[in-house]
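Shown next, in structure tokens, is the structure this report addresses.
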Amino acid sequence: MSPITPPGQTREKVYWYVRRRILEDIPPTVREVQDAFGFLSVQTARQHLERLVEERRLTKVPGKSRCYRLPEKLGMRMVPLLGRVPAGELDMALEEHEGYLPVRLHRHGPAELFGLRVRGRSMTGACILPGDIVIVRRQAEASSGDIVVALVEDEATIKRFSLKRGRIELHPENPDFAPILPEPGACRILGKVVEVRRQLDG
């Protein structure tokens, strides 16, 4: 006869399963948790999940079947990593949801944030390199000198914003690249870059 796993150990496994699914942007339903662990009843899965909510390791959004979330604790919150943005010539933004990133609450307050992975070398003078992740505060306006993610018609880029005589200019931080001068009405600001992250090998 197989030994019975203590409830605390099972709950820990449930937590890490739910956490992984949430970070993959697919929070599991209660029945999916039941199926994943082979519980005989859906109530057993629900009891483990509700206990994790009581322990403040998960939170619950009322009225949703995929209602469990990771709490914003220890001064952190999770923001979505939405794909890649070119730092070069204009190119299509690639939306490939890669999960979530932890961001400190005190740095950016309640603003809506998202992450993008940089592709290209036009912003190396601003220390934004290929493969870096930029944290972007979603906003529709910018001031001259801000580094922004902008949409020119259907193509996205990351550049330094400038407004001259009422006309938007998008400037690179690399002399090998030319400024982008969108036609009036053709450019939309998606957000301002507020943080840059880099993964160092080794």
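The values are calculated or read from the model by the stated rules, or taken from the named source; none is laboratory data. All values derive from a computational prediction rather than experimental measurement. All Cβ positions, glycine included, derive from the backbone under ideal geometry; neighbour counts span all protein chains shown.
Within the range 18-46, the residues that satisfy the criterion of being surrounded by 16 or more Cβ atoms within 10 Å (Cβ to Cβ), free of Cβ contacts under 8 Å to residues at least 24 places away in the same chain and of a type outside the set (Val, Ile, Thr) are ARG21, GLU32, GLN34, PHE39. Of all residues in the range 182-189, at least one satisfies being surrounded by fewer than 19 Cβ atoms within 10 Å (Cβ to Cβ) and either basic (Lys, Arg) or within 23 Å of VAL103 (Cβ to Cβ) (or both).
Scanning the range 154-189 for residues that are in contact with a Lys or Arg (Cβ under 7 Å, 6 or more places away or on another chain) and among the hydrophobic types (A, V, I, L, M, F, W, C) yields LEU170, ILE180. As a summary of the residue check, GLU173 satisfies the conditions (1) at pLDDT 95 or above; (2) not in a loop (DSSP other than H, G, I, E, B) except for the one numbered (2). Determine if the range 145-159 includes at least one residue that is at pLDDT below 95 and of a type in the set (Lys, Arg). No: the range 145-159 contains no residue that is at pLDDT below 95 and of a type in the set (Lys, Arg).
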